[in-house]
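*Asks:* This is the structure I want to talk about, given as structure tokens.
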Amino acid sequence: MQISTNTVVSIDYVLTNAEGDEIDRSQAGEPLAYLHGVGNLIPGLEQALEGHTTGDSLQVEVAPAEGYGEHDHELVQVVSRDLFQEPDRLEPGMRFEASGDQGQMVVTVTEVSDNGVTIDGNHPLAGQTLHFDVTVAAVRAATDEEVAHGHVHA
Ligand code: ZN
């Protein structure tokens, strides 16, 4: 069966950044299963998989615009330490849920100083060109319920 909208696709993958550093990979024997064609994967990867079938291996380069978006400087701001419950424990790399103009978002602390805390609302992979090594492990038709829900059922 070919990968098309409303198929359930299982993929083994390794994700590396432009420098070749590994960012993420599926666990051995536990491929990632997703419902194809409904935006559950980043667009660049989903488009590349379209039409492939079980056993196919492909290397996919995804530009930021087709991945997690460009880095938006508007989403970087310096806020008061008082906004945090335990300001003395703040460290770069910590992530928090915050509510802002665009609703709930996850922010990453990028710098901590006496004057304030720099937080970045961009996705950690925003602005990065991503490289996927993907092998299609399985393709099947989605059930009516999976299509209705927009996700895969175990
Ligand atoms: Zn469901």
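*Asks:* Considering each residue of the stretch 25-81, count those that are of a type in the set (S, T, N, Q) and in a loop (DSSP other than H, G, I, E, B), and give that number. Outline the logic, then answer.
*Replies:* Within the stretch 25-81, the first condition is being of a type in the set (S, T, N, Q), and the residues that meet it are 26-27, 40, 47, 53-54, 57, 59, 77, 80.
After this cut, where a residue has to be in a loop (DSSP other than H, G, I, E, B) as well, the list is 26, 40, 53-54, 80.
Residues that pass the stated criteria total 5.
*Asks:* One residue is enough: does the stretch 63-70 have a residue meeting the conditions buried (at least 17 other Cβ atoms within 10 Å of the Cβ), within 16 Å of the ligand (Cβ to nearest atom), small (Gly, Ala, Ser) and modelled with pLDDT of 95 or more?
*Replies:* The answer is no, given that none of the residues of the stretch 63-70 is buried (at least 17 other Cβ atoms within 10 Å of the Cβ), within 16 Å of the ligand (Cβ to nearest atom), small (Gly, Ala, Ser) and modelled with pLDDT of 95 or more.
*Asks:* Checking the condition in contact with a Pro (Cβ under 9 Å, 6 or more places away or on another chain), at negative phi, surrounded by 12 or more Cβ atoms within 10 Å (Cβ to Cβ) and modelled with pLDDT under 95, which residue from LEU130, LEU83, LEU90, LEU125 passes?
*Replies:* After ruling out the rest, the residue left standing is LEU125.
*Asks:* Among the numbered conditions (1) surrounded by fewer than 16 Cβ atoms within 10 Å (Cβ to Cβ); (2) under 15 Å from the mean Cα position of the chain (by Cα); (3) modelled with pLDDT of 95 or more, tell me where GLU145 comes up short.
*Replies:* With respect to (1) surrounded by fewer than 16 Cβ atoms within 10 Å (Cβ to Cβ); (2) under 15 Å from the mean Cα position of the chain (by Cα); (3) modelled with pLDDT of 95 or more, GLU145 is out only on (2).
*Asks:* Testing ILE3 on (1) crowded, with 16+ Cβ neighbours inside 10 Å; (2) not in a loop (DSSP other than H, G, I, E, B), one condition comes back false. Which one is that?
*Replies:* The single condition ILE3 does not satisfy is (2).
*Asks:* Filtering the stretch 43-59 down to residues that are touching a residue at least 12 places away in the same chain (Cβ under 8 Å) and surrounded by 18 or more Cβ atoms within 10 Å (Cβ to Cβ), which residue is farthest from the chain's Cα centre (by Cα)?
*Replies:* Taking the stretch 43-59 first, the residues touching a residue at least 12 places away in the same chain (Cβ under 8 Å) are 43-45, 47-59.
Of the ones still in play, those that are also surrounded by 18 or more Cβ atoms within 10 Å (Cβ to Cβ) are 44-45, 48-49, 52.
Working: GLY44: 12, LEU45: 11, ALA48: 16, LEU49: 16, HIS52: 21 Å.
Of everything passing the filter in the stretch 43-59, HIS52 is farthest from the chain's Cα centre (by Cα).
*Asks:* With the requirement that a residue be more than 16 Å from the ligand (Cβ to nearest atom), over 13 Å from LEU75 (Cβ atoms), in contact (Cβ under 8 Å) with a residue 40 or more places away in the chain and not in a strand (DSSP E or B), what does the stretch 101-154 give you?
*Replies:* Correct list: LEU125, GLN128, THR129.
The values are calculated or read from the model by the stated rules, or taken from the named source; none is laboratory data. Everything numeric in this text was worked out from a predicted model, so none of it was measured. Glycine gets a Cβ as well: all are built from the backbone with ideal geometry, and neighbour counts include every protein chain shown.
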